[in-house]
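Step one of this worksheet: look at the structure below.
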Amino acid sequence: MTDIDAGNRETTPGDEPEVQPSNEPVVGEQRGEEERARLLTVPVLPLRGTVVFPLTIVPLAAGQPRSLRLIDAVASGDRTVALVLQNDPEQDAAGPGETRTIGTLATIHQMMRVPDGSVRLAVQGMKRIRIIDWVAEEPYLVAVVEEIPEIDSDSIETKALMRTTVELFQRLVSLVANLADELVTAVLNIDEPQQLVYLIATNLRMDVEDRQSLLELDSVHDKLQALVRFMTKELELLELGKKLQGEVQEEVSKNQREFYLREQLKAIQRELGESDGQEAEVTELREKIEAAGLPEEALREAHRELDRLSKLPPQAAEYGVIKTYLDWLASLPWNTSTEGHIDIKAAREILDRDHYDMEKVKDRILEYLAVRRLRREREEQGETIPNREPILCFVGPPGVGKTSLAQSIAEALGRRFTRMSLGGVRDEAEIRGHRRTYVGAMPGRIIQAIRSAGANDPVFVLDEIDKIGSDWRGDPASALLEVLDPEQNNTFRDHYLDVPFDLSKVMFITTANLLDPIPAPLRDRMEIIQLSGYTDEEKVAIAQRYLVPKQLKAHALPLDAPEWDDSAILSIVQGYTRESGVRNLEREVGSVCRKLATRLAAGEPLPERVTAATVREYLGRPRFFYEELATRTSLPGVAIGVGVNAVGGDIMFIESTAMEGRGGLTITGQLGDVMKESAQAAMSYVRSRAKDYGIDPARFKELDVHLHMPAGATPKDGPSAGVALTTAIVSLLTGVPVREDVAMTGEVTLRGQVLPVGGIKEKALAAHRAGVHTFIMPRRNEADLDDLPPVLRDELRIVLVDTIDEALQVAMPEEFEGHRAQFAATHSVSADDRIAAEVAASASMH
């Protein structure tokens with residue numbers, strides 16, 4: 001598509017001139033009637049950098065105001081327009097006297113507007129014209145033009161020129177890739193010399209001046225001669241270029257052939273013993289191995305392999321295997337350490353700078369650093385102290401800073417940092433490497449990471465250790481037993497190296513979301529450090545100190561960008577995320593920053609502060625609502641339990657319903673065996689205490705009860721839902737709904753005792769995050785309350801219970817006591833029977 005006149009001078013358009021062809025005389029009376037009949041008054045469209053020939057269809061593009069006004073005007077008429085080349089292609093608005101006088105009268109066949117405001121045209125040249133006089137300049141150019149007839153010729157010379165033109169064009173098409181072969185067919189079917197000239201000229205890469213000169217020639221014979229001269233020159237250039245390309249290609253082939261012959265010559269020289277290339281290679285490897293400081297056993301093995309290498313020809317299959325093995329031995333950091341001076345105060349500042357809260361974790365790291373510093377001081381005095389690096393395991397939900405904490409430890413120690421993800425690893429060779437008998441064998445990822453770190457004492461993070469798998473290729477978890485055992489890893493033997501490598505100086509740190517999937521022997525070798533989720537207040541503080549500055553910098557926002565209110569971050573935490581960590585919080589903060597960056601780039605003013613209203617405007621409607629609790633617990637038979645999963649704690653609704661049946665119990669929701677047994681125990685307990693809870697025992701024979709936990713695609717297991725299961729069954733059979741702001745956890749025995757469970761902090765955080773106000777938990781977990789943040793203990797009412805009856809008194813409203821009293825009045829039980837039942841229950845408990 002070719003650009004046309006882009007004049008953009010601001011003017012006040014007057015009445016648009018008549019754009020239809022006119023036969024009225026516009027010049028002096030001296031012109032004759034025949035000459036006046038050949039004159040037309042038409043709009044003039046200056047072209048920049050192109051020439052339109054008669055008898056051709058050419059695409060054009062127009063985008064400037066004056067050009068668009070012209071197109072709009074002629075579109076309603078006969079669509080006739082004069083196309084002339086403007087003198088200066090860089091000029092925005094060519095006026096009278098600033099264009100060529102000879103051009104082409106054309107018709108606009110197609111017109112299409114595009115989203116950027118410009119117009120795409122398809123114009124067909126009709127005949128040559130000459131501008132006689134200018135009529136108007138605004139709102140667009142209008143001129144009086146006259147037709148210039150072509151001087152045709154039917155001589156033998158013209159026919160010969162036509163044939164020569166066709167032959168030259170055929171040769172050009174064969175040499176130029178962008179000329180389609182169909183053009184040759186079209187040219188061969190043209191009988192008119194004028195049409196032949198214009199079709200070929202349109203498809204050739206000619207300068208605009210050459211095109212204009214060709215258009216201005218009156219004689220078709222002269223046009224053919226000019227076209228032949230141009231194509232002859234082009235063919236000479238193309239054929240010369242093709243010749244040069246062939247010579248270059250021949251030179252390249254020659255060089256390749258010489259290289260191949262030289263390699264053959266080298267091989268022959270090696271066979272004859274006339275080359276010392278192999279000896280030089282062996283000598284270089286020997287020097288590298290001597291400089292690497294290998295231990296005695298590894299050095300002995302390296303010398304043995306070097307002797308084998310020196311006796312093998314380079315063409316032997318084992319030559320490359322041995323050379324690669326020796327390269328690995330020479331490149332490992334056997335004696336390279338990077339730990340610098342340990343400054344406890346500086347280490348504390350680094351940990352506080354990079355991480356919020358986590359006081360217990362930071363204290364444990366500082367304890368390790370202090371012991372490490374004292375041990376080094378004693379060693380400098382000549383004492384021998386066993387070096388036992390701790391194996392730390394950070395366990396917590398995603399987004400709480402496990403991996404970044406390891407990076408801060410590396411910085412505080414002055415050590416290199418390396419990381420290996422164990423998620424999905426199922427092959428033992430990933431840890432220990434492949435034996436050299438296999439084709440393509442290589443060391444395991446432990447040794448590879450050590451070499452990449454360039455030191456024998458890096459901080460080595462084994463990420464996602466709880467997601468490691470096993471299959472017929474071996475058990476990677478068993479291979480890690482040696483790596484993570486301080487008593488054994490000083491002689492770690494990779495299958496590929498087959499010599500011991502000391503890993504005792506490496507500080508291994510593992511991370512996991514859950515502790516249960518980690519095999520017990522592997523778990524026993526690690527010091528477990530729990531990283532719990534954050535409260536809303538902690539998330540706000542983390543966002544203000546770390547996330548918001550990080551995202552402002554990442555999105556190139558200025559230093560004076562709007563400040564964030566705590567209410568804005570809190571609205572994101574409560575309305576747009578529901579997580580234990582801050583990973584999604586950072587994403588949502590980034591989304592708001594992108595909105596601010598968009599406004600800034602568009603020149604729009606930024607808000608003075610980012611408030612909760614700003615967040616609502618940029619992120620849309622909140623995705624989470626506390627009203628869900630009241631909606632889902634409004635009917636009897638629904639209780640709120642709390643569980644722990646891979647992403648932290650979360651509430652779960654336990655639903656129950658009853659229908660006519662024969663006393664059956666159905667349990668659904670992809671529950672594990674332990675949770676199913678808890679549901680059966682809860683049902684048995686409720687049946688044994690039916691009269692005490694105001695439930696007719698006969699109903700159990702007439703009803704089938706269905707217990708369900710929604711989110712059926714998520715596996716659930718564990719005994720901690722016992723209190724919630726029992727409460728849901730009692731609510732269902734009494735018809736009294738459970739309070740909507742109460743969540744509970746705890747295992748229930750057949751005697752109604754509430755036993756302790758794990759994950760109290762994660763569960764309390766999840767309950768608070770979901771909008772629960774009262775949290776029922778076992779009294780034996782009272783010691784776990786020390787781990788709860790003070791804000792959580794202040795805002796969440798925590799009720800400690802020993803029995804299920806105490807839990808029901810909190811979870812069920814006053815209507816429950818009224819129901820029990822009414823049932824007791826209508827189903828009176830003798831005092832002797834009640835006392836006997838209580839004595840029997842007490843005796844069984846003791």
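Listed here are the residues, each with its yes/no results for (1) more than 20 Å from Lys127 (Cα to Cα); (2) among the β-branched types (Val, Ile, Thr).
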{"residue": "Thr158", "(1), (2)": "yes, yes"}
{"residue": "Ala180", "(1), (2)": "yes, no"}
{"residue": "Thr185", "(1), (2)": "yes, yes"}
{"residue": "Leu199", "(1), (2)": "no, no"}
{"residue": "Met206", "(1), (2)": "yes, no"}
{"residue": "Gln225", "(1), (2)": "yes, no"}
{"residue": "Lys233", "(1), (2)": "yes, no"}
{"residue": "Tyr260", "(1), (2)": "yes, no"}
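Matching residues to (1) outside any loop (DSSP other than H, G, I, E, B); (2) exposed (fewer than 11 other Cβ atoms within 10 Å of the Cβ); (3) at pLDDT 85 or above:
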position: Thr185; (1), (2), (3): yes, yes, no
position: Ile190; (1), (2), (3): no, no, no
position: Leu196; (1), (2), (3): yes, no, yes
position: Ala201; (1), (2), (3): yes, no, yes
position: Phe230; (1), (2), (3): yes, no, yes
Checklist entry - Restricting segment 322-353 to residues that are touching a residue at least 60 places away in the same chain (Cβ under 8 Å) and part of a helix (DSSP H, G or I), which is nearest to Ala441 (Cα to Cα)? => result Tyr325
Item to check | Hey, Leu732 more than 29 Å from Ile529 (Cα to Cα) and open to solvent by 10 Å² or more (accessible area, probe 1.4 Å) or not | outcome: yes
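A quick yes/no check of all residues on (1) farther than 23 Å from Asp786 by Cα; (2) out of contact with any His (no Cβ under 6 Å at 6 or more places or on another chain); (3) open to solvent by less than 50 Å² (accessible area, probe 1.4 Å):
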position	(1), (2), (3)
Thr324	yes, yes, no
Leu332	yes, yes, yes
Thr336	yes, yes, no
Glu339	yes, yes, yes
Ala347	yes, yes, yes
Arg353	yes, yes, no
Asp357	no, yes, no
Checklist entry - Counting only residues that are of a type in the set (A, V, I, L, M, F, W, C) and more than 30 Å from Pro607 (Cβ to Cβ), which one in segment 521-563 is modelled with the lowest pLDDT? => result Leu531
Checklist entry - Does Ala93 qualify as being part of a helix (DSSP H, G or I) and either open to solvent by less than 50 Å² (accessible area, probe 1.4 Å) or over 19 Å from Leu227 (Cα atoms) (or both)? => result no
Checklist outcome for this item: From the option list Tyr356, Tyr368, single residue qualifying as of a type in the set (Ser, Thr, Tyr), in contact with a helix residue (DSSP H, G or I) (Cβ under 9 Å, 6 or more places away or on another chain), over 30 Å from Tyr496 (Cα atoms) and in a loop (DSSP other than H, G, I, E, B) is Tyr356
Item to check | Any chance Arg451 is among the charged types (D, E, K, R), open to solvent by 70 Å² or more (accessible area, probe 1.4 Å) and closer than 21 Å to Ser337 by Cβ | outcome: yes
Checklist outcome for this item: Within segment 196-228, the residues that are touching a Pro at 6+ places or on another chain (Cβ under 9 Å), of a type outside the set (Lys, Arg) and closer than 16 Å to Ser153 by Cα are Tyr198, Asp218, Val220, His221, Leu224
Item to check | Pick from segment 359-379, criterion of a type outside the set (A, V, I, L, M, F, W, C) and open to solvent by less than 60 Å² (accessible area, probe 1.4 Å), ranking: nearest to Lys402 (Cα to Cα) | outcome: Lys362
Checklist outcome for this item: All-but-one check, Met206 against (1) touching a residue at least 12 places away in the same chain (Cβ under 8 Å); (2) in a helix (DSSP H, G or I), failing number (2)
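Residue by residue, here is whether (1) open to solvent by less than 10 Å² (accessible area, probe 1.4 Å); (2) without any contact (Cβ under 8 Å) to a residue 60 or more places away in the chain; (3) among the polar types (S, T, N, Q) holds:
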{"residue": "Leu480", "(1), (2), (3)": "yes, yes, no"}
{"residue": "Asn489", "(1), (2), (3)": "yes, yes, yes"}
{"residue": "Asp494", "(1), (2), (3)": "yes, no, no"}
{"residue": "Ser504", "(1), (2), (3)": "no, no, yes"}
{"residue": "Phe508", "(1), (2), (3)": "yes, no, no"}
{"residue": "Thr511", "(1), (2), (3)": "yes, no, yes"}
{"residue": "Pro519", "(1), (2), (3)": "no, yes, no"}
Next on the checklist: Kindly evaluate Ala724 against the criterion of being part of a helix (DSSP H, G or I), aliphatic (A, V, I, L, M), open to solvent by 30 Å² or more (accessible area, probe 1.4 Å) and modelled with pLDDT of 90 or more.
Outcome noted: no
Checklist entry - Name the residues in segment 416-448 that are open to solvent by 60 Å² or more (accessible area, probe 1.4 Å) and of a type in the set (Val, Ile, Thr), would you? => result Thr437, Val439
Checklist entry - If you scan segment 371-406, which residues turn out to be in a helix (DSSP H, G or I) and in contact (Cβ under 8 Å) with a residue 24 or more places away in the chain? => result Arg372, Arg373, Arg376, Lys402, Thr403, Ser404, Leu405, Ala406
Checklist outcome for this item: Log entry, pairs with first residue in segment 133-156 being closer than 18 Å to Leu105 by Cβ and open to solvent by 40 Å² or more (accessible area, probe 1.4 Å), second being modelled with pLDDT under 85 and of a type in the set (A, V, I, L, M, F, W, C), beta carbons closer than 8 Å, six or more apart or on different chains, reads Asp133/Val26; Asp133/Val27; Val135/Val26
Checklist entry - Taking segment 157-182 as the search range and keeping residues that are outside any helix (DSSP H, G or I) and under 15 Å from Arg205 (Cβ atoms), which one is least open to solvent (accessible area, probe 1.4 Å)? => result Leu179
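The values are calculated or read from the model by the stated rules, or taken from the named source; none is laboratory data. Everything numeric in this text was worked out from a predicted model, so none of it was measured. Because the Cβ atoms are built from the backbone with ideal geometry, glycine has one as well, and the counts that use them run over all protein chains shown. These accessible areas exclude ligands, DNA and RNA; they are computed on the full protein's heavy atoms, side chains included. Shrake-Rupley method; radii C 1.70, N 1.55, O 1.52, S 1.80 Å.
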